[in-house]
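K.L.:
Okay, handing you the structure first.
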Amino acid sequence: MDDWMKAKLILNSFHLLFISIASDTFDWNMLAVPPSGSPKFFIDVTVTETYIIFRLLLNFFEQLIISNPNNEKNKKIVLKKDQEMDIKAITELFPYEDGWTIKVRVARKTSRETYLKKDRKTETVKLILQDQEGSMVQATLFNEQIDKFYEMLESGKCYLISKGNIRHVNKKFDNVNDKIEISFTNATKVEESLECFPLKLTKPFVPFNEVENKSTDQSLMDILGMVVKVKQSFPVPLKSIAKTTRKCEVTLLDLTGDTIKLDLWGDLAMNEGEILERMESLRPLVAVSNVVLNKYEGEVNLGTSRISFVEINPVVEQFEAFQQSFQKFNSTAGVMDKISGPSKRIMESQEVSLANITGNNVQRLFCTFVGKVEKVLNRAKPWYEKCKECNTAVHPEGNMKLRIAEHGDEEVCTTLFDAAETIIGCPVNCFAEKMLTVMDQDKYTCPYYKNLVLCKGKTFKFLVKMGNKKSEDRAEKKIVVEEVLKIDPALKEKASSSHKRKIDP
């Protein structure tokens, strides 16, 4: 007989005992008189005390049975408890209030962060919690609470939480709630609720074609899009402190037909980023809340903030519209052109001569040129593994160096980072891992290494960003390429003729 069956039998015995008590067929004085040879602590036990002991034991065994994960009635019991408990909405909580219970869904659980405070090592974990009404609050766990609750609390699950400290928010930092936040204490109680609810996204989603017109000092925004491409997360050194964080670059497509790049940082890169990487081929829908808009030298970039959260395949009204639109796009190859084809930028940017680029005579931020690969200068290792500024080891990144000739007129040394994937045929980090595991004589058996070797003599279209930061390098005929487009051999003659009638910048 297992422990659960024993507990049930004991509980049934207690029920029979109290039935006899209620029907006055039980003699309470029998419990007040200790049997002969009883231990000393039984002496002077009153009827009331005996009743209290039975009640405590009864409650104990009830909780034991309820917590049994194999109990078929478990779900019904939890639902009944949820209804009977005095559960408050987050909007009903006030600073320093006691005796509250909230039912919330974990929208985000950060990684452990360690810092020194008064020479004492302290660990913290942040939670973003949402109730069924859509209101949100941030909760913080410290040392002992992390050890107690970290493994139990999971993103996407619902919990009953009570007995924490409610305090005013620190206005110096962004927060999902502008009034209160919660700190877990040693008295905090957490119980998983089997009656969960979906995450509720309350703010309207910003279309990608409107993002560029937003100001960087405006409020944080929510976006919704389909995953087009996910770059494997990699470590990024933090300049302010001697630590690293992780970054995952995700390309999204929305119903306007535009794509945008989103940077997931920290725990979102490690957790949701890795999930999206595995799901990339399935084209999941992703909602991201509280993203930050950054603009640098005319480029638009979105990134997650400390209060962002990511929901994969969210329950939203637009979900069905997305599915229908993408099915339509797929049938006409429209969406596949956007996913696998060249970007709008390389197709629409002005084509100029190399002389205009190296002479910094181009007024626009982006331009293109057509050239032929004369030589791969670092064919043995077209990547780097350490940060150039701090020498910190990082994920293998593209660093392919090519000598390019523009129809024999001028040669430059071109560096390709992400753009190297077009020539190699796979992400640079995958290529690096492959090359590090094969012998020199076996390199030619790798199709991607063959692509690298055979690119010599081929013509490509190169996209260049004309920012002030690289003007001196361009003057020395060192150009950084943002994107590469293969030129069809049948179009070489057309590209050659277009060289003779370049548009003046």
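The values are calculated or read from the model by the stated rules, or taken from the named source; none is laboratory data. Since the model is a prediction, treat every value here as computed from it, not as a measurement. All Cβ positions, glycine included, derive from the backbone under ideal geometry; neighbour counts span all protein chains shown. For the accessible areas, the whole protein counts, side chains as well, though only heavy atoms, and no ligand, DNA or RNA atoms are used. Shrake-Rupley method; radii C 1.70, N 1.55, O 1.52, S 1.80 Å.
K.L.:
Which of the residues spanning segment 246-259 are in contact (Cβ under 8 Å) with a residue 40 or more places away in the chain and crowded, with 20+ Cβ neighbours inside 10 Å?
P.N.:
Answer for segment 246-259, where residues must be in contact (Cβ under 8 Å) with a residue 40 or more places away in the chain and crowded, with 20+ Cβ neighbours inside 10 Å: Leu252, Leu253, Asp254.
K.L.:
Name the residues in segment 352-374 that are surrounded by fewer than 16 Cβ atoms within 10 Å (Cβ to Cβ) and either in contact with a Phe, Trp or Tyr (Cβ under 8 Å, 6 or more places away or on another chain) or at negative phi (or both), would you?
P.N.:
Ala355, Gly359, Asn361, Gln363, Arg364, Leu365, Glu374
K.L.:
Within segment 151-204, track down each residue that is over 24 Å from the mean Cα position of the chain (by Cα), among the β-branched types (Val, Ile, Thr) and buried (at least 16 other Cβ atoms within 10 Å of the Cβ).
P.N.:
Ile161, Ile166, Val169, Ile180, Thr188, Val190
Yes or no, residue by residue, for (1) among the basic types (Lys, Arg); (2) touching an Asp or Glu at 6+ places or on another chain (Cβ under 6 Å); (3) at pLDDT below 85:
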residue	(1), (2), (3)
Lys450	yes, no, no
Gly457	no, no, no
Glu472	no, no, yes
Leu491	no, no, yes
Lys500	yes, no, yes
Ile503	no, no, yes
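K.L.:
Please verify whether Val228 is open to solvent by 20 Å² or more (accessible area, probe 1.4 Å) and aliphatic (A, V, I, L, M), treating the condition exactly as stated.
P.N.:
Working: open to solvent by 20 Å² or more (accessible area, probe 1.4 Å): no; aliphatic (A, V, I, L, M): yes.
For Val228, the condition - open to solvent by 20 Å² or more (accessible area, probe 1.4 Å) and aliphatic (A, V, I, L, M) - is not met.
K.L.:
When the residues of segment 452-461 are narrowed to those that are under 18 Å from Cys426 (Cα atoms) and buried (at least 19 other Cβ atoms within 10 Å of the Cβ), which ends up nearest to the chain's Cα centre (by Cα)?
P.N.:
Looking at the filtered set, the residue picked out is Leu452.
K.L.:
Among the residues of segment 109-125, is there at least one that is under 27 Å from Met270 (Cβ atoms), in a loop (DSSP other than H, G, I, E, B), open to solvent by 70 Å² or more (accessible area, probe 1.4 Å) and touching a residue at least 24 places away in the same chain (Cβ under 8 Å)?
P.N.:
yes
K.L.:
Mind checking which pairs have a first residue in segment 93-106 that is touching a residue at least 12 places away in the same chain (Cβ under 8 Å) and a second that is assigned to a loop (DSSP other than H, G, I, E, B) and among the polar types (S, T, N, Q), Cβ under 6 Å, 6 or more apart or different chains?
P.N.:
Val106/Ser155
K.L.:
Does segment 80-97 hold any residues that are surrounded by fewer than 10 Cβ atoms within 10 Å (Cβ to Cβ) and either over 20 Å from Asn170 (Cβ atoms) or modelled with pLDDT under 90 (or both), and which are they?
P.N.:
Gln83, Glu84, Asp86
K.L.:
If we scan segment 435-451, do we find a residue that is touching a residue at least 60 places away in the same chain (Cβ under 8 Å) and open to solvent by less than 30 Å² (accessible area, probe 1.4 Å)?
P.N.:
No, segment 435-451 has no match at all.
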